[in-house]
Every structure is written in structure tokens, then in C-alpha cells.
Amino acid sequence: RVMDLMGCGKPLVLRLECKDIFTNLALEAHLFQHAPLDHPVLMTYQNDKTIVIGRHQNPWKECRVKLMEEDGVALCRRSSGGGAVYQDLGNTCFSFLNNLPPSKNVKEAPPIDFKTVNNEVLVGALARLGIEAEPSGRNDLQVNHDGVWSKVSGSAYKNR
């Protein structure tokens, strides 16, 4: 059913109801590898207690694996880079799936900067909710709360 929607010819938002990190990341990976991605896709989901690590991280150096097992916290590796992140039902995860166009002469068609495009979508959505936000650092978003800027989102990227 999801794959049928992917070729609909317009941007798509998928809101997953599954709370299992392994299922959610498996669907993301499948869509990333096999979906036509003729238009951007935003996928949102929540995970039960989980620590997600980047592809180059050592879980025994980044996490207290035994304590995680005792507390029922899942450990999962994502295919992109980035640091270790704790997730639970108190936060919402999102993935943008964009198709990079084939390489062309940059003078003819400059490449699309999806990092900027994706951040603009998020900053615009937060603005519509009355929340002042801006990109910061390498891959982060921050919000202004009573004059204090705080990181609320980090991003990891992978190209197909």
C-alpha cells in the first residue's frame, strides 16, 4: 500500500503508527532503497524506549548496554552517521526522503540543497505553531524560549 502512494506525483507525508524502532527503520530503509521518490516524502513516527546509534559507533563505548537490557531499552543502529540518541514516546522522529537528481553540469542545474530545504520545512511548520526556530550548528535546529535558544532537533544524512 505504501509503495502505491510513493508514485502519486506529489509530496507525501507518512505518519507511522508503529512504535517499534526496528520496524520503523526497516520501512525507512526499504523506501529509501526501492521507492521511486519522484517527490519528497516526510515520514514521522515515535519509538518506544530506544537508543539509536550512528553507523560508526561502538555501542559498548556509547551506551550502558547491560543497564539498557535491564530497563527494556532497545538498541538500534541507523544507516546514517550521527551520535547516540535516546528516543521514547515523548518525542517524534522524522525522516525526509528526497531523490538527488543525477549529476549534471553545476552551471546548468545547481544541485538541490536538501538540508536547507528540509530545515525550511521544519522552521516554517514551527513558525505556524508560534515557535521561533532556526538552523544551528552542523545539522541542528534550535528554538527560542524566553530569549534562550535550545537545541530541539539533530539530523543525520545519507545519500542514495
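The values are calculated or read from the model by the stated rules, or taken from the named source; none is laboratory data. Here the structure is a predicted model, which is why all the values come from computation and not from measurement. A quick note on method: Cβ atoms are made from the backbone with ideal geometry, for glycine too, and the neighbour counts reach across all protein chains shown. With ligands, DNA and RNA removed, areas are computed over all heavy atoms of the protein, side chains included. Shrake-Rupley method; radii C 1.70, N 1.55, O 1.52, S 1.80 Å.
Please go through segment 1-23 and pick out each residue that is at pLDDT below 90 and either assigned to a loop (DSSP other than H, G, I, E, B) or among the aromatic types (Phe, Trp, Tyr) (or both). Within segment 1-23, 1, 7, 8, 9, 10, 11 meet the criteria. Selection of first residues in segment 49-62 that are hydroxyl-bearing (Ser, Thr, Tyr) and of second residues that are not in a strand (DSSP E or B), restricted to Cβ pairs under 8 Å at least 6 apart or on distinct chains, gives the following pairs, ordered by first then second residue: 50/21; 50/73; 50/88.
With respect to the conditions (1) at pLDDT below 90; (2) outside any loop (DSSP other than H, G, I, E, B); (3) not β-branched (Val, Ile, Thr), residue 26 falls short on a single one, namely (1).
Per-residue answers, yes or no, for (1) open to solvent by less than 60 Å² (accessible area, probe 1.4 Å); (2) part of a strand (DSSP E or B); (3) of a type in the set (D, E, K, R):
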position: 38; (1), (2), (3): no, no, yes
position: 52; (1), (2), (3): yes, yes, no
position: 68; (1), (2), (3): yes, no, no
position: 75; (1), (2), (3): yes, yes, no
position: 81; (1), (2), (3): yes, no, no
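Is at least one residue of segment 131-140 touching a His at 6+ places or on another chain (Cβ under 9 Å) and not charged (D, E, K, R)? Scanning segment 131-140 turns up at least one residue that is touching a His at 6+ places or on another chain (Cβ under 9 Å) and not charged (D, E, K, R). Could you list all residues from segment 123-160 that are among the polar types (S, T, N, Q), loosely packed, with under 12 Cβ neighbours inside 10 Å and more than 18 Å from the chain's Cα centre (by Cα)? Within segment 123-160, 150 is the sole residue that qualifies.
Of all residues in segment 33-57, those satisfying the criterion of being more than 14 Å from the chain's Cα centre (by Cα), within 19 Å of residue 157 (Cα to Cα) and among the polar types (S, T, N, Q) are 33, 57. Evaluated against (1) at pLDDT 85 or above; (2) touching a Phe, Trp or Tyr at 6+ places or on another chain (Cβ under 8 Å), residue 40 falls short on exactly one condition, (1).
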